1. Output the residues belonging to region A:28-52 that are in a helix (DSSP H, G or I), at pLDDT below 95 and basic (Lys, Arg).
2. Within region A:274-301, take every residue that is within 13 Å of chain C (Cβ to nearest Cβ) and within 18 Å of A:Lys185 (Cα to Cα) and give me the one that is surrounded by the most Cβ atoms within 10 Å (Cβ to Cβ).
3. What's the total number of residues in region A:110-161 that are in contact with a helix residue (DSSP H, G or I) (Cβ under 7 Å, 6 or more places away or on another chain) and assigned to a strand (DSSP E or B)?
4. Residues in region C:148-177 that are aliphatic (A, V, I, L, M) and part of a loop (DSSP other than H, G, I, E, B): how many?
5. Being under 22 Å from B:Ser201 (Cβ atoms) and within 14 Å of chain C (Cβ to nearest Cβ) narrows it down to one residue among B:Val113, B:Val129; which is it?
6. Among the numbered criteria (1) buried (at least 24 other Cβ atoms within 10 Å of the Cβ); (2) more than 14 Å from chain B (Cβ to nearest Cβ), which single criterion is violated by C:Ala102?
7. Scan region A:81-92 and give yes if some residue there is within 14 Å of chain C (Cβ to nearest Cβ) and either out of contact with any Lys or Arg (no Cβ under 6 Å at 6 or more places or on another chain) or not hydroxyl-bearing (Ser, Thr, Tyr) (or both), otherwise no.
8. Would you pick out the residues in region C:436-461 that are farther than 17 Å from C:Lys419 by Cα, surrounded by fewer than 19 Cβ atoms within 10 Å (Cβ to Cβ) and polar (S, T, N, Q)?
Amino acid sequence: MVIPDASTMPAVESEAQLRALLAGLCGVDAVGAEARAAKLATRSIKRSTKRAALDLAISMVDLTALEGADSPGRIVSLCTKAMRPDPRDPRVPSVAAVCVYADLVAQARTVLGDSSVKVAAVATAFPSGRASLRVKLADVSDALDAGADEVDMVIDRGAFLSGRVGQVFDEIVAVKEVCGRAQLKVILETGELVTYDNVRRASWLAMLGGADFIKTSTGKVVVSATTPVALVMLEAVRDFAESTGHLVGVKVAGGIRNSKDAIHYLVLVNETAGSSWLTPDLFRFGASSLLNDLLMQRLKQQRGAYVRPDEFSGD
Amino acid sequence: MSDSHVEVRKTYKLLIDGALARSESGRSYEVTTAAGAFLANVAQGSRKDVRAAVVAARAAQANWWSATAYNRGQVIYRLAEMAESRRAELAEHVALSEGLKPAAAQVTVARAVDRMVWYAGWTDKVAQVLGGANPVAGPFFNFSLPTPSGVVGVVAPQESSLEGFVDCVLAPLCVGNTVVVLASQLRPTPALLVGEMSTTSDFPTGVLNIVTGFTQELTPTLASHEDIDGIDLEGVEGDAADALAKVAAGSIKRVLRPRGRHDDPTSLRRLRAFVETSTVWHTIGQ
Amino acid sequence: MTQHHLANSELGSLDYDPAPESAQIAKLKGAYGLFIDGQFTDPTQHEQFASLNPATEETLVTVAHASAEDVDRAVASARKAYDTVWSKTTGARRAKYLFRIARIIQERSRELAVVETLDNGKPIRESRDVDIPLAAAHFFYYAGWADKLDHAGFGADPRPVGVCGQIIPWNFPLLMAAWKLAPALAAGNTCVLKPAETTPLSALILAEILQQAELPEGVVNIITGDGSTGSALVEHPGVDKIAFTGSTEVGRLIQQRVATTTKRLTLELGGNGANIVFDDAPVDEMIEGIIDGIFFNQGHVCCAGSRLLVQETIADEVLRRLVRRVEQLRVGDPMDKNTDVGAINSAAQLERIKELTAFGESEGATRYTSSCALPDKGYWFAPTVFADVTQSHRIAREEIFGPVLSVLTFRTPEEAVAKANNTNYGLACGVWSEKGSRTLWVAQRLRAGVVWANTYNRFDPTSPFGGVRESGFGREGGRHGLEAYLNV
């Protein structure tokens, strides 16, 4: 086990130095990365490994409600389910967190009380990130004041793509400072970064800025998490841990709807970053419908027959 | 028993974006056998149907081309498999449409299936026959590859309702184009059967679009449409081809002029008609 | 940046429960005869030999040993089929038979994958995802050529050669059969195929497939046996062309035997491929490529990237990552869907690997061997990397044909090319760099039939494969692959 040691974090002293550091990261060959991700997807996870993987995946879910139309009633339902995903079976673990907009944090906090389920708030003008730093920081403060344990911020993709990496870095540092002890997840929105080279550089940028997690996507653009993108991010956290001693988590979000996909991601984690990352402290799924599929597969393992979707609540 | 069975007749529809649909105009026209008997009511496509077909073909083109050549070959071979299993039905329609004796119709159908197999084999060989490395005088790796023109409009032959149709449609498809084809006006049903087969042959939607209707009404739309990159005028009769070729020049289309049925079957004329040559230079040095 | 090493044990320790494919899928018969003139027949001498599962050392089936007399029968059958049927069959008709064969291989792919893995010892993941699909793809590809030979660039109406004797190795049994048969049949030849002694099974299933495809009798004859059978085939006066894939040693003998005859010959022989890594390589994909290059199929690959040439500036970092990755490889039951490295094909091959690796240590190279547990029964060799290897070490000069990688370093592109070319072989090389111009510069200077850039061990029916120098001559695959089977 590597002991985190703040003194080994490379200090970023100037934008030029940061740019040089990011440019010095080795490239990603797209064909090779996609082939590797596809190959790992052929792993066959059976029997007790599958049962363990399903429970692990449930414990890693950030149960997400990010629709404009979400009602207080839905948040109550969501939080209740987060604590006890299957009301009939107390052996089913709680999920890791519920993930909501800042204005619903207080309500989630009330329902969750002091349970193990964290309240994560998307902030910093989620999902586009298009607002002044002042507004973004106020957004974060609101969420924290309302009782959020974790903050999911978005990076300014426009600034990153136009080469203003210093600006992106400074924003992350500023948000991290406001977060204090709250966990900071930095959303790269990889669907807008497009290339794997960009994903690798943005991952390092976020980690250098103090991210506790790097997260793929908002779920609000066409392309969300993909396995090759997750592979590149897992390589980044592995290499970052080796060079700094800091273990940074990875959250994949958007488009992960079934157990098979979730298990593929766990294999990817296991064989890329390593089993140290197979914990909700270091790997999360940002998802809503995934949880029901995990529960259905879990029940199928017990009963030996496929079960109806209506076995579980819709929210 | 068979005497008491009342035949369930089929409605013949357009094939646009993977869906079999009536004309947006609501029109249809009567198609007869070569002997003049009623055969079917067929959708009479409109200019707007052509427009919709072009939109579908354009949307499908990039993915059809980026699929591997091997995959395109498998899809076209699958079409041959489907056609083989429906040879009797095809032969019946060819016989009725073209006025052939059953044996002659069967020979035509067999040749059409063989033509599908021929094109299935071409998808992953075109680059090797039409492309290659160029030994430029300098430290460069230089190679040329055939790439598809894009969306190709085809006016299918009027006489050869199946074999000619298959040849004119599969040649551009094989090299990565997508196609909007006007089927033979008087003999459209064999083409429509092939269209139905294509929907069960792993063809992505929009790759092959078939419009039936009046050739004279629809060809000007096809020739003038600026989002069509090439046009095969095989089914245009008489002087009309000249006028359409001129219209096609408006957007610098690649034009294949009609040549009738005397084309050498082993000629690569059709394969070459709608490919572009794309050349890449790359430096060589330490 | 400072480097803190994660303990190797922290990688990949989520234990995967066994996920074995069922051996029942193979539907093997107890014994197989010789496939001559469209029928399975008994060998004239009634000799049989066993084909073992190298992962368990258990006998799978017994197969016939073809004598010189049987070879004669097979060649006569091929000659008759050539004269009376196949040379008169149009290209379009030949195409359709080949398409049928391709389709049946696809349909029976799971069975073929299981048979291949049982007989060869390779992981089921590889036989399922590589060997069998590629074999089908080869038949598809050459099916398409059968009616297009006029366009292949060998002049108008090129003619077949006649009767082809084809001898294939044990490392990719079905795939090598497809590489040999598909172009030969497309071009209009008839064939006598001899699979390797230790891996005859998938070729015998292929014989059943040829029957299902109703390929005319005698067009393909498949005879099992050992070196003496192969020798009789090479010497048979009724054979017009020999195609051989195997060791350089045997290839040399074959070339001597046919030197004074009019027989056409193509040879695909050994190799000692270099994987050249520059300091701007995409490192994660490069590590995977090196791993694939040497541990794919237990390193039983003639074009394996058995020598790793690393730019000195990144040598330590590459070695560290490589060793970590080797430790992750899952070695064991080839039938388990999660196995990465399977069994060594035979006791003899295992002996040779052990002998050469012992030299590696005694000559002073630094050995890293995976700590993986190996099964008690069967032929096994743990994935191994030798560092500090020099050009003069035996492990760098000889083809080990096993899961053993030698790591050497270089400083300049010239030095990399010089070291890569410093071998009598010349089959394949790899170049890893994000700088295209230098990759092409290196590729131009490498004496190798195939150069892979930022990838390794890629095969495709459209792409010619074959060696230069003592790796053999002639090409298989692609348009070029037709030449060996056309009288041009």
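The values are calculated or read from the model by the stated rules, or taken from the named source; none is laboratory data. Computed from a predicted model, the values in this text were never measured in an experiment. A quick note on method: Cβ atoms are made from the backbone with ideal geometry, for glycine too, and the neighbour counts reach across all protein chains shown.
1. At the first step, the residues of region A:28-52 found to be in a helix (DSSP H, G or I) are A:30-40, A:47-52.
Applying the additional criterion that residues be at pLDDT below 95 yields A:47-52.
Matches in region A:28-52: A:Arg47, A:Lys50, A:Arg51.
2. First pass over region A:274-301, keeping only residues within 13 Å of chain C (Cβ to nearest Cβ): A:274-279, A:282-283, A:301.
Cutting the leftovers down to within 18 Å of A:Lys185 (Cα to Cα) gives us A:277-279, A:282-283.
Details: A:Trp277: 23, A:Leu278: 19, A:Thr279: 16, A:Leu282: 21, A:Phe283: 28.
It comes out as A:Phe283.
3. Qualifying residue count for the region: 5.
4. Summing the residues that are aliphatic (A, V, I, L, M) and part of a loop (DSSP other than H, G, I, E, B) in region C:148-177 gives 4.
5. On the way: B:Val129 fails: under 22 Å from B:Ser201 (Cβ atoms).
From the options B:Val113, B:Val129, the qualifying one is B:Val113.
6. (2)
7. Going through region A:81-92, the residues within 14 Å of chain C (Cβ to nearest Cβ) turn out to be none.
No, the conditions are met nowhere in region A:81-92.
8. Once the filter is applied, which keeps residues that are farther than 17 Å from C:Lys419 by Cα, surrounded by fewer than 19 Cβ atoms within 10 Å (Cβ to Cβ) and polar (S, T, N, Q), region C:436-461 yields only C:Ser437.
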